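Trainee: The structure follows.
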Amino acid sequence: MSAIQVTGLTKRYGELTAVDDVTLSVGEGEFVGVLGPNGAGKTTLLEMVEGLRRPDGGQVEVLGEAVWPRNPRLQPRIGVQLQASSFFERLTAREQIRTFASLYGVGGAIADEWLERVGLTDKADARVEDLSGGQAQRLSIACALVHDPELVFLDEPTSALDPQARRNLWDLLSSLNDTGRTVVLTTHYMDEAEVLCDRVAVMDHGRILQVDSPAALVRGLDAPARITVAPGSLGAEEAAAIPGVAEASEGVDGLVLVTREPGAVLGVLAAGDHLAGVSVQTGTLEDVFLALTGREYRA
Ligand SMILES: Nc1ncnc2c1ncn2[C@@H]1O[C@H](COP(=O)(O)OP(=O)(O)O)[C@@H](O)[C@H]1O
Ligand SMILES: [Mg+2]
């Protein structure tokens, strides 16, 4: 059974179609990312899937249940990262998460463990108003996870985090997914989508342009690899004669070889002792976005 089945989902705000006929399914245990620049429609899509926003058209089924109107059977089974503004007023971080926990019959010890897991133990007695943006974001994620939901929704969970906290959260989400939880997140970070997700839905202007694993999306581009050889190591004519090299030209960082057979070309370079300082560049999700939309990715 799929964890999420979205069919023809549409949301309009006046003239603007924020989510435009989106169809997407997410399998149980999958880690799926919705990747797109600001304004792509990620939040609107996610909120309709979570049952928080009413679609203008299409269907959503989550864990086999309808999500709209608000379905109380689903609440204990899903975790939704709330905006920091939806915290209870004047409570400390510990009181916040303990309150969320008690709504689901989860004890205080587990709530405190979650504070530890997101690195907030030393902020447990701070009021949420006094937390930094990143700390509040980590608290909201802990509150979404405290009842151990089987399906987790996160909307740009790392946007306010510093690089270290971002890595920590990646580890946390990966380990949740490793233990069978389904994770759906939105992000405008290409690297985040690439590192975390089994599949990425590339979204722009309300539409999902393509869904696949990051590797398959890049492979689908059929873009050649660019191998840069340190300056002076190899002559351009010699390089152009290597089987599989389509093009060899002097670049700023050295000699650039364009090839669709990077493995074979690297083998020849190794045999000729030209590997020192070599770098290989293949396609990225950024190239995928460019190919799909005809424009540069501007998050
Ligand atoms: N409540 C709303 N009223 C009118 N327009 C909205 C509303 N919410 C979002 N939008 C518009 O819908 C589009 C998609 O927004 P959103 O789903 O927030 O995108 P993302 O999360 O990818 O940045 C944007 O153009 C945004 O301005
Ligand atoms: Mg958003």
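The values are calculated or read from the model by the stated rules, or taken from the named source; none is laboratory data. Just so it is clear, the model here is predicted, and its values are computed rather than measured. Cβ: placed from backbone, ideal geometry, glycine included. Neighbour counts: every protein chain shown. Just the protein is used for accessible areas: all its heavy atoms, side chains included, with ligands, DNA and RNA removed. Shrake-Rupley method; radii C 1.70, N 1.55, O 1.52, S 1.80 Å.
Trainee: If we scan the stretch 176-183, do we find a residue that is outside any helix (DSSP H, G or I), within 16 Å of ligand 1 (Cβ to nearest atom) and surrounded by fewer than 18 Cβ atoms within 10 Å (Cβ to Cβ)?
Mentor: no
Trainee: Moving to a separate point now. Testing Thr44 on (1) hydroxyl-bearing (Ser, Thr, Tyr); (2) at pLDDT 95 or above; (3) more than 12 Å from ligand 1 (Cβ to nearest atom), one condition comes back false. Which one is that?
Mentor: Checking Thr44 against (1) hydroxyl-bearing (Ser, Thr, Tyr); (2) at pLDDT 95 or above; (3) more than 12 Å from ligand 1 (Cβ to nearest atom), the one that fails is (3).
Trainee: Specify the residue that is nearest to ligand 2 (Cβ to nearest atom); the eligible residues are those in the stretch 143-175 that are more than 14 Å from Gly29 (Cα to Cα), in a helix (DSSP H, G or I) and free of Cβ contacts under 8 Å to residues at least 40 places away in the same chain.
Mentor: Arg166
Trainee: A further question follows. May I ask you to list the residues in the stretch 21-49 that are open to solvent by 20 Å² or more (accessible area, probe 1.4 Å) and out of contact with any Leu (no Cβ under 9 Å at 6 or more places or on another chain)?
Mentor: Within the stretch 21-49, Ser25, Gly27, Gly29, Glu30, Asn38, Gly39, Thr43, Glu47 meet the criteria.
Trainee: Now for a different question. Exactly one of these conditions fails for Ser140: (1) of a type in the set (Gly, Ala, Ser); (2) in contact (Cβ under 8 Å) with a residue 40 or more places away in the chain; (3) open to solvent by 30 Å² or more (accessible area, probe 1.4 Å). Give me its number.
Mentor: (3)
Trainee: Identify, by number, the condition in (1) on the phi > 0 side of the Ramachandran plot; (2) away from ligand 2 (no atom under 15 Å from the Cβ) that Gly206 doesn't meet.
Mentor: (2)
Trainee: With respect to Lys42, is the statement that it is within 18 Å of Arg199 (Cβ to Cβ) and in the same structural domain as Ala165 (by TED's automatic domain parsing) true?
Mentor: yes
Trainee: How many residues are assigned to a helix (DSSP H, G or I) and of a type in the set (S, T, N, Q) when one looks only at the stretch 3-58?
Mentor: 2
Trainee: Checking the structure you have, find out if any residue of the stretch 89-104 is open to solvent by 30 Å² or more (accessible area, probe 1.4 Å), at positive phi and more than 16 Å from ligand 1 (Cβ to nearest atom).
Mentor: Checked the stretch 89-104: at least one residue is open to solvent by 30 Å² or more (accessible area, probe 1.4 Å), at positive phi and more than 16 Å from ligand 1 (Cβ to nearest atom).
Trainee: Pull out all pairs, ordered by first then second residue, where Cβ-Cβ is under 7 Å, the residues are six or more apart or on different chains, the first lies in the stretch 1-24 and is over 27 Å from Glu150 (Cα atoms), and the second is outside any strand (DSSP E or B) and open to solvent by less than 70 Å² (accessible area, probe 1.4 Å).
Mentor: From the stretch 1-24, the pairs are Thr17/Gly206; Ala18/Gly41; Ala18/Thr44; Ala18/Gly206; Asp20/Gly206.
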